[in-house]
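Enquirer: Please find one structure pasted underneath; my questions will follow.
The values are calculated or read from the model by the stated rules, or taken from the named source; none is laboratory data. Keep in mind that what you see is a predicted model, and the values were worked out from it rather than measured. Cβ atoms come from the backbone with ideal geometry, glycine included; neighbour counts cover every protein chain shown. Calculation scope for accessible area: heavy atoms of the full protein, side chains included, ligands and nucleic acids excluded. Shrake-Rupley method; radii C 1.70, N 1.55, O 1.52, S 1.80 Å.
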Amino acid sequence: MSTTTDLPALDKAKNLDDTMMIDPFEVRMRFTTQLQHLSAAVTSSQKAAHYALKYRDLDEDLHSCILEQLERNNMNNRANIMYFIEHLCEMAIKENYLPYVRMMQRDILRVVDSVVPPDGTGAANVKHVRHVLNGLQAKEVLSAETVAEIDAALKDRDSHPSHLDLEQEEGAEGGSKSKSEKPQLRLDKKQIEQRIEEDRERNKRQRESMWAMTGSDLDEYNQLWDELSPTGEDDFIRSREEALERTECLRKHEELYNSLFGIKE
């Protein structure tokens, strides 16, 4: 007597057992490590988002990990976590698991303050925060009013003179410093190089997405039509000049042809 095995059901049961057996502390530590090693690559954010959704039973604990890492890591890593948040919300919506989205809606101001602190040390992250906020608005995670309110607050944070400070400065003259004064941080060479490389990767990905098409000829036609500038007097002048150049080129080719084959007019 033969029996058939439902492989998908077995895989689902195995994943459920793994989720139930794993230690919550270990889940937190692994997730923290993933956040600390995020990069500008999309796969890096997607991997961490998949992990958070896999252990969704610990969603509040993992959400607190995100907030903690935003407050503890350098500005480069905070920008990477900001992009990760967008991927997490997008994947959570696709899987119809909204607690992550709701918690992020609740704490978005705290997130932004961590990535772009009011003291100006995160001014280099302002454009990245705006990009992510616009993405979250497009995905209907944040309302237009919320994004506008946050954007207004960011205007005072993108030109602070200490926005390149990521490495703690040494003490003031005499080796003393006021306790109430916050330490300024200055970028080291390695962090500068890392940031340049990650920004280059993000800009490349954004340019690719700008040219991405749905595959519909009508959509491509509409995009080309929208990008086409109105016809002006300069266009007519350029057209006449090009017509004269083509006429002259044709005359010279005709003369050359006649001379080569001895054709007389």
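Enquirer: Out of the total accessible area of the stretch 21-159 (probe 1.4 Å, heavy atoms of protein only), what percent is carbon and sulfur?
Expert: Numbers: 3170 of 6430 Å².
It is 49 percent, rounded to a whole number.
Enquirer: Give the shape of the stretch 56-110 as rounded, prolate or oblate, defined through the alpha-carbon gyration tensor: a ≥ b ≥ c are the square roots of its eigenvalues, a/c under 1.5 means rounded, and otherwise the shape is prolate if a/b is larger than b/c and oblate if not.
Expert: prolate
Enquirer: Would you kindly work out the equivalent ellipsoid of the stretch 21-159 from its C-alpha gyration tensor and give its semi-axes, the square roots of five times the eigenvalues, largest first in whole Å?
Expert: For the stretch 21-159, the semi-axes come out at 24, 17, 12 Å.
Enquirer: Would you mind working out the accessible area per residue for the stretch 40-96, using a 1.4 Å probe, and quoting it in Å²?
Expert: That works out to 40 Å² for each residue.
Enquirer: Determine the relative contact order of the stretch 85-158: mean sequence separation of Cα pairs under 8 Å and six or more apart, normalised by residue count, in whole percent.
Expert: Relative contact order for the stretch 85-158 comes out at 34 percent.
Enquirer: Suppose R0 equals 22 Å; then what is the FRET efficiency for Tyr97 and Gln36 from their Cβ-Cβ distance, rounded to the nearest 0.05?
Expert: Details: r = 24 Å, r/R0 = 1.10.
Once the sixth-power term is evaluated, E becomes 0.35.
Enquirer: Something else: Cross-link list Lys47/Lys204; Lys127/Lys204; Lys47/Lys139; Lys155/Lys204; Lys47/Lys127; Lys54/Lys94: which exceed 22 angstrom alpha carbon to alpha carbon?
Expert: Listed pairs above 22 Å: Lys155/Lys204; Lys47/Lys127.
Enquirer: When only Cα pairs under 8 Å and 6 or more residues apart are kept, what is the percent relative contact order across the stretch 21-159?
Expert: Once divided by the residue count of the stretch 21-159, the mean separation gives 22 percent.
Enquirer: Note down the nm distance, to one decimal, between modelled labels 7 Å out along Cα→Cβ at Asn258 and at Leu218.
Expert: For Asn258 paired with Leu218, the spin-label model returns 5.4 nm.
Enquirer: Next question, about the same structure. For Asp113, what is the net charge nearby, where nearby means another residue's Cβ is under 11 Å from its Cβ and Lys, Arg count +1, Asp, Glu -1?
Expert: Surrounding charge for Asp113 is 0.
Enquirer: How many nm separate the modelled label positions at Lys204 and Ile237, each set 7 Å beyond the Cα in the direction of the Cβ?
Expert: 4.1 nm
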